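Visitor: Quick one: structure below, then a few questions.
Where a number appears in this text, it was derived from the coordinates with a stated rule and is not lab data. Bear in mind that the values here come from a model prediction, so they are computed numbers and not experimental data. Every residue, glycine as well, gets a Cβ built from its backbone with ideal geometry; the counts of neighbours run over all protein chains shown.
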Amino acid sequence: LLPEAAFVRLPTILKLLPISKSTWLSGVKSGHFPKPVRLGKRITAWRVEDIRKLINGPEDGGKSWN
């Protein structure tokens with residue numbers, strides 16, 4: 001479903017996770033979810049690797065995107 005290395009935008013993430021946009025953004029701000037990457041002035045995305053770790057759980061048992 002997700003490529004090995006790429007960036008995903010928020011609408012794609014919200015299709016994969018059963019949470020609202022405001023919950024996602026609050027989680028990013030608090031550090032519970034991965035931080036985004038700015039690809040341009042008005043383009044924000046997340047690394048697929050970080051989203052995959054969030055969905056599958058990191059292998060070391062802790063969050064690895066901070």
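Visitor: Counting only residues 5 or more places away or on other chains, whose amide H sits under 5 Å from the amide H of T44 once H atoms are built in the peptide plane?
Guide: Those qualifying (amide H under 5 Å, at least 5 residues apart or on another chain) are L39.
Visitor: For the range 7-20, in order, what is each residue's ³J(HN,Hα) by Karplus, 6.51 cos²θ - 1.76 cosθ + 1.60 with θ = phi - 60°, in whole Hz (x at glycine and Pro)?
Guide: With coefficients 6.51, -1.76 and 1.60, one gets 10, 10, 8, 4, x, 5, 4, 5, 6, 8, 10, x, 9, 8 Hz.
Visitor: Another one. Between beta-carbons, use under 15 Å as the cut-off and find the net charge around P11, counting Lys and Arg +1, Asp and Glu -1. It would help to have the intermediate numbers written out before the result.
Guide: Details: positive: R9, K15, K21, R42; negative: none.
Here the charged neighbours net out to +4.
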